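Just below is one structure, and these are the notes that go with it.
Read-outs throughout are calculated quantities, based only on the coordinates presented, and are distinct from any laboratory measurement. Quick caveat: nothing in here was measured; it's all calculated off a predicted structure. Backbone-built Cβ (ideal geometry, glycine too); neighbour counts: all protein chains shown.
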Amino acid sequence: MNLEQCLSRALEDNTALKEIYDLTISQVYSFVLLRTRDRAQALDICQNIYLSLWNSLPRFRYMGEPHFYAFLFKIARRQISKARMKIHPTVELDEVFDIPAEEDIREDYRALLGKVENLKENERLCIELRYFKDLKFQDIARVLGISENNAKVLHHRAINRLREDLQVYE
């Protein structure tokens with residue numbers, strides 16, 4: 001299904017919005033789940049994302065798929081931020097996890113994800129959009145509201161920080 005056609009029909013036909021949902025939900029849900037790490041919360045946020053998209057469609061002007069996805073992920077970022085403001089999670093002492101041995105850390109992708117979590121917000125988003133969503137720097141720049149060159153610099157700095165953090169275990 002063509003995304004542009006669905007978007008133009010979505011203003012008059014609610015089934016077109018379902019087609020947009022079907023085309024994009026896997027990417028949006030994985031992005032939100034990666035950020036929240038809670039399936040129920042991710043589903044709630046996705047619902048709010050598509051509700052916000054539906055409300056924004058009359059003002060949206062299609063200029064290509066990358067532009068649309070940048071718009072959609074910007075909505076997603078805002079909805080995730082709103083959800084974080086509402087919820088202040090508490091950690092119970094019973095929820096403490098085993099700390100892996102140093103030799104296991106290098107092999108465990110969770111260690112890398114933990115290091116990504118320690119990055120600054122924009123650096124973390126840049127890494128997630130580049131490697132988990134396979135976006136180009138131009139699209140990342142649109143999502144973050146910065147220039148393409150700044151997105152590249154942000155990516156470079158984030159990669160260098162990750163390298164420094166992971167050298168501890170080598």
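Numerical summary
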quantity	calculated
Cβ-based net charge around PHE132, under 12 Å, with every Lys or Arg adding one and every Asp or Glu removing one	+2
Cα centroid of the stretch 44-88 to Cα centroid of the stretch 15-34, whole Å	11 Å
Footprinting exposure proxy for ARG59, ARG77, ARG37 (fewest neighbouring C-beta atoms within 10 Å first)	ARG59, ARG37, ARG77
For MET63, MET85, order by how many other beta-carbon atoms lie within 10 Å, fewest first	MET85, MET63
